[in-house]
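See below for the structure under consideration.
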Amino acid sequence: MKIFCVGRNYAEHAKELQNEIPSSPVIFMKPHTALLSDGKDFYYPNFTNDLHYECEIVLRICKNGKAISEKFASTYYDAITLGIDFTARDLQQHQKEKGLPWEIAKAFDHSAVIGNWKTISNEEKAKPLLFKLDKNGETVQNGNTADLMYSFEKIIAYISSFFTLNMGDIIFTGTPQGVGPVKIGDQLSATLFDEELLNFSIK
Ligand code: ZN
């Protein structure tokens, strides 16, 4: 399976990191060894001193396709969850300044945390999704997919113009504003509308 991620997909988040608003989606990938699921503990890695959470809606691809048109793209995912695109912000900043690839900052082991999958109907796909992330019981991020710069359909169409999508691939769709650091002992939980889909600890 492949893990795709979209960067800078909410304008307010791009601004908080002083990034330009992109003219096409910013896509990067993580290896399958980045995945962490089932509420397992996340262990703070020793190569960073500034690990940030980025809470995102994650799509599950349900059939194979390439060069998918935007019109049919919504039929290529059947479930969603909430996930954390963990980012070693100090390493990422260094890589960005030097114009170097940022995999060491974003694609390391367990940097892609996902919650429980929830199947999604066509009616639900047509409506904005509201989600939030709590850190130690306090809300730190609020997201609304109405604010996405590139819709799920546009993202699927764009990614599949370069990479064949396979059943079981997943796509992190970008984070809203409010990203910030975690430390050992923190508890992260994320809810879609009022349903908790993700809950784990930093050890
Ligand atoms: Zn992200």
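Tabulated data for the structure shown
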quantity	calculated
Candidates 107, 190, 126, ranked by Gaussian network fluctuation over the chain, Cα under 10 Å, top entry	126
Whole-number percent relative contact order across the chain, with pairs defined as alpha carbons under 8 Å at least 6 apart	35 percent
Cα convex hull volume per residue for the range 56-203 (Å³)	121 Å³
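Quick note: the coordinates plus some simple rules give every number you see, no bench work behind them. All of these numbers come straight from a predicted model, not from anything done at the bench.
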